[in-house]
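Chemist: I have a structure here, written as structure tokens, and I will follow up with some questions on it.
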Amino acid sequence: MKNRIISTGIVLARTDFQEADRILTLLTPDHGKLRVIAKGVRRQRSKLAGGIELFSVSDITVLPSRGELGTLISTRLQTHYASIVKDINRTMLGYDLLKRMNKLTEDAAGEEYFKLLKAAFEGLNNLELQIDLVELWFTMQLLKVTGHAPDLKTDDAGMQLEASKIYLFDFDAMAFKQQDVGPYQANHIKLMRLGYGTDSPEILKQVVGAGTLAPDVLSLTKNILKLHVRV
């Protein structure tokens, strides 16, 4: 029993293997990423199947091996975010978040990545929460945990950002630049500050006009992410 890994997992990727098995990549809060084989899971009465659904959080027990793949020996579903698959756009974004997280994280990924993905699922599962706000929050949090958050206190000249000013964004300085004409104003910056500072995408609704502001801010944060994190 001592060498078994008992943890909580989210399925990042899965591949069918042989007649009834499946190879899984799991993200855990305390063991990073695990690659395991779930033997016989595609058989109709498999006891493992219910605990390895996509968009779910499950208790898992893994028997490590000397090779690359451990063996998944038990699962128990904690939470299944079933509403995600009720909407095609939420489903597609959910797949995209899994793909990004799998590409970004190393085997020794920290607990913050697990918490981030779990909170994103909770946001996507809320059908009343605008999907752009969920993706915006996820993108900003990715920048934060990877150490690439922009300066949201001062501009490129070191001056305090002001509510009455208009700004462009300087990607080299990773800061806003004051201009007479530009796409970003106080509420855009407020939305970004809230996104970096909160642990749930639902809080973004507090910003007046958040739904209207989200596309512009999402485009900016995705460009920053592409430049610095390459996902």
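The values are calculated or read from the model by the stated rules, or taken from the named source; none is laboratory data. None of the values given here were measured: they were computed from a predicted structure. Note that we place each Cβ from the backbone using ideal geometry, even for glycine, and neighbour counts take in every protein chain shown.
Chemist: Considering (1) in the same structural domain as SER58 (by TED's automatic domain parsing); (2) surrounded by 20 or more Cβ atoms within 10 Å (Cβ to Cβ); (3) out of contact with any strand residue (DSSP E or B) (no Cβ under 6 Å at 6 or more places or on another chain); (4) under 30 Å from ILE6 (Cβ atoms), say which one LEU98 fails and leave the rest.
Modeler: (3)
Chemist: Here is a further query. Can you tell me which residue is nearest to ILE6 (Cα to Cα) among those in segment 46-84 that are more than 24 Å from the chain's Cα centre (by Cα) and hydroxyl-bearing (Ser, Thr, Tyr)?
Modeler: SER74
Chemist: Further, regarding this structure: Quick test of your reading of the structure: ALA173 fulfils all but one of (1) touching an Asp or Glu at 6+ places or on another chain (Cβ under 6 Å); (2) surrounded by 15 or more Cβ atoms within 10 Å (Cβ to Cβ). Name the failing condition by number.
Modeler: (2)
Chemist: Please state which one of SER83, SER7, SER65, SER74 is more than 30 Å from LEU143 (Cα to Cα), of a type outside the set (Lys, Arg) and either touching a Pro at 6+ places or on another chain (Cβ under 8 Å) or not in a strand (DSSP E or B) (or both).
Modeler: Values: SER83 fails: more than 30 Å from LEU143 (Cα to Cα); SER7 fails: more than 30 Å from LEU143 (Cα to Cα); SER74 fails: either touching a Pro at 6+ places or on another chain (Cβ under 8 Å) or not in a strand (DSSP E or B) (or both).
After applying the criteria, what remains is SER65.
Chemist: Among the listed residues GLN185, GLN160, GLN178, identify the single one that is surrounded by fewer than 16 Cβ atoms within 10 Å (Cβ to Cβ) and touching an Asp or Glu at 6+ places or on another chain (Cβ under 6 Å).
Modeler: It is GLN178.
Chemist: Okay, next question. With the checklist (1) assigned to a loop (DSSP other than H, G, I, E, B); (2) more than 22 Å from LYS115 (Cα to Cα) in hand, flag the one item ALA149 doesn't pass.
Modeler: (2)
Chemist: While we're here: Can you work out which of the residues in segment 38-57 that are in contact with a strand residue (DSSP E or B) (Cβ under 7 Å, 6 or more places away or on another chain) and surrounded by fewer than 19 Cβ atoms within 10 Å (Cβ to Cβ) is modelled with the lowest pLDDT?
Modeler: GLY50
Chemist: Sticking with this structure for a sec: Looking for whichever is at pLDDT below 95 and out of contact with any strand residue (DSSP E or B) (no Cβ under 6 Å at 6 or more places or on another chain) here; the options are LEU218, LEU227, LEU133. Which one fits?
Modeler: LEU227
Chemist: Now a separate question. List every residue pair whose Cβ atoms lie under 7 Å apart, where the two residues are 6 or more positions apart in sequence or sit on different chains, the first residue falls within segment 129-146 and is more than 14 Å from ARG193 (Cβ to Cβ), and the second residue, located anywhere, is β-branched (Val, Ile, Thr).
Modeler: Hits for this filter: THR139/THR221; LEU142/VAL229; THR146/VAL229.
Chemist: In addition: Could you tell me which of the residues LEU69, LEU63 is exposed (fewer than 15 other Cβ atoms within 10 Å of the Cβ), in contact with a Lys or Arg (Cβ under 8 Å, 6 or more places away or on another chain) and modelled with pLDDT under 95? Spell out how you get there, then give the answer.
Modeler: Working: LEU69 fails: exposed (fewer than 15 other Cβ atoms within 10 Å of the Cβ).
The unique qualifying residue is LEU63.
Chemist: Looking at ARG14, is it more than 29 Å from GLN141 (Cβ to Cβ), surrounded by 14 or more Cβ atoms within 10 Å (Cβ to Cβ) and either assigned by TED's automatic domain parsing to the domain that holds GLY197 or of a type in the set (D, E, K, R) (or both)?
Modeler: Answer is no for this residue.
Chemist: To continue, here is another question. Go through segment 185-211 and give me each residue that's assigned to a helix (DSSP H, G or I) and within 19 Å of the chain's Cα centre (by Cα).
Modeler: Correct list: LEU191, MET192, ARG193, LEU194, GLY195, TYR196, GLY197, PRO201, GLU202, ILE203, LEU204, LYS205.
Chemist: Something else about it: Does segment 21-40 hold any residues that are free of Cβ contacts under 8 Å to residues at least 24 places away in the same chain and part of a loop (DSSP other than H, G, I, E, B), and which are they?
Modeler: Correct list: GLY40 only.
Chemist: Can you pull out every residue in segment 57-107 that is in contact (Cβ under 8 Å) with a residue 40 or more places away in the chain, more than 12 Å from GLY9 (Cβ to Cβ) and of a type in the set (A, V, I, L, M, F, W, C)?
Modeler: Within segment 57-107, LEU63, LEU69, ILE73, ALA82, ILE84, LEU93, LEU97, LEU98, MET101, LEU104 meet the criteria.
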